[in-house]
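A.B. asks: I have a structure I would like to understand better, so I am pasting it below and will then ask my questions one at a time.
Nothing in this text is a laboratory measurement; each read-out follows from the coordinates by a stated rule. Bear in mind the structure is a predicted one, so any value in this text is a computation, not a measurement. Using ideal geometry, Cβ is built from the backbone for each residue, glycine included, and neighbour counts are taken over all protein chains shown.
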Amino acid sequence: MIREIAYDRGGYDYQDYWRERDHEHWAESRVLTRLMRRVEPVAWFIDLGGGFGRNVPLYLRHAQNVVVADYSWTNLRAAERRLLRNGSDQVGTRISLVRCDLYRLPFRDRAFDAGAAVRVLHHLTLVDAALAEMGRVLADEWVIDVPVKNHLLARARATLHRRRHELDGLEPKSLGSPMVPYWNFNLAAIRHRLIELGWNTEVAASVNNFRRWEHALPWSWLRQLLSPGARIGELVLQRAGRGWWGPSQFLWATRQGSSSPVGSAEGAVDRARYTSSTTPEGWQGLAERLVCPRCRGDLVWWPDRATCPTCTTTYHRTGAVWDFVLPPVTLTETLPSPTA
């Protein structure tokens, strides 16, 4: 079975994780702000594994509509409270919330003009399959945050403990357990896989170059004193440390030979075909991008649910969250084949 990170168990709230990580949030925001300037104003953007919508305000500056796609109910209900001002029944906004599995996304091929996957890959046991599936729903370009196993501090630790061999090779390194998977990757291996899938990649930034530095200091006055220096160092290394320094390396990926016009993703081309008079008011734009994740059939819509006539599966809406999660698959089960 492909295990999911337990964001919905034991009262865990992913927002708590970020309450004492101001430097990390700032560092990632700086990079995303810079990279999003490359994105021309687009119609549809997807935040893959977007959690509680932490980065959505950045994406909204460059996209008319943003879809937050995440597996966790807790995260998506938090996103609903944070991002939708009029409560759970608000529709017709620029933000849509979809609960789904990154291995079996409920979207048409090339349904989104651009996207991002930040703080996601380290949860993916079958990263090759997930990259194929995420890339399938994107038309032109996306940002991919790669947690690398051979960053500077990891190499220093491995040398000190005479374990450099653990960082050699292209295979991922497990830092978690069978119950809670957590992976770091060889950057070259991820880039090679993306090339195989039809993407050109650029190492755009080294991020979180001083991760958790403030946690090593017991005095708040000292943290405040050193914070400007840490931020300056972070900015310098985001460029100078690309590919070797930081634990997070951000890739900018563009589709090989892409000629699709910006703002008109190929996956959503026929509104009359993909929506109907029963589609809930305000959800038409999202509905025309959605398909059944089990068989990729077209959906028939009602205000609170969507049904696939092909395989008879029904998917429900709770508040502002559409739920397209299927029962977990086994590691040996065949995932849907990506299209070129």
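A.B. asks: Using Cβ contacts closer than 10 Å as the measure, can you line up HIS122, HIS316 from fewest to most?
C.D. replies: By the 10 Å Cβ count, ascending, the order reads HIS316, HIS122.
A.B. asks: Determine, for each peptide in 188-200, 158-170, 224-236, the mean count of other beta carbons within 10 angstrom over its residues, then list the peptides with the highest first.
C.D. replies: 188-200, 224-236, 158-170
A.B. asks: Most fluctuating residue of ARG21, ARG223, ARG255 in a GNM of the chain with Cα springs under 10 Å: which is it?
C.D. replies: Judging by the Gaussian network model, the answer is ARG223.
A.B. asks: Give me the net charge for the shell around ASN150: Cβ to Cβ below 13 angstrom, other residues only, Lys and Arg +1, Asp and Glu -1.
C.D. replies: +3
A.B. asks: What length, rounded to one decimal in nm, is gained on full extension from THR159 through to GLN64, with 0.36 nm per residue of separation minus their alpha-carbon distance?
C.D. replies: So the chain would gain 29.4 nm between THR159 and GLN64.
A.B. asks: Hey, another quick one. How large is the charge dipole for the stretch 14-270, taken about the Cα centre, if only the Cβ atoms of Lys, Arg (+1) and Asp, Glu (-1) carry charge, to the nearest 20 debye?
C.D. replies: The calculated dipole for the stretch 14-270 is roughly 860 debye.
A.B. asks: Beyond 16 Å, what percent of the Cα pairs of the stretch 193-249 remain?
C.D. replies: 54 percent
A.B. asks: For the chain, what relative contact order do you get, as a whole percent, if you take Cα pairs closer than 8 Å and at least 6 residues apart?
C.D. replies: The value is 22 percent.
A.B. asks: Calculate the spin-label point distance for VAL300 paired with HIS192, positioning each point 7 Å from the Cα along the beta-carbon direction, and give it in nanometres.
C.D. replies: About 4.9 nm separates the two model spin labels.
A.B. asks: Mind giving me the nanometre distance, one decimal, between the label points for LEU226 and ARG19, set 7 Å out from Cα along Cα→Cβ?
C.D. replies: 2.4 nm
A.B. asks: Rounded to two decimals, what is Rg over Rh for the chain when you use alpha-carbon atoms and the Kirkwood radius?
C.D. replies: Rounded to two decimals, Rg over Rh is 0.97.
A.B. asks: Per DSSP H run of n ≥ 4, the term is -39500 (n - 2.57); total these for the chain, divide by its residue number, and report the mean residue ellipticity at 222 nm rounded to 500 deg cm²/dmol.
C.D. replies: The helix contribution divided over the chain gives -8000 deg cm²/dmol.
A.B. asks: Follow-up question, since we're still on this one. How much length is gained if the chain between VAL236 and ARG82 is pulled fully straight, taking 0.36 nm per residue apart and subtracting their Cα-Cα distance, in nm to one decimal?
C.D. replies: That works out to 52.2 nm of additional length.
A.B. asks: Evaluate E = 1/(1 + (r/R0)^6) for ASN200 and VAL325, where r is the Cβ-Cβ distance and R0 equals 25 Å; express this FRET efficiency to the nearest 0.05.
C.D. replies: Plugging the Cβ-Cβ distance into 1/(1 + (r/R0)^6) gives 0.20.
A.B. asks: A follow-up question, please. For VAL207, what charge total do you get from the other residues with a beta carbon under 15 Å from its beta carbon, if Lys and Arg give +1 and Asp and Glu give -1?
C.D. replies: Taking every other residue near VAL207 into account, the sum is +4.
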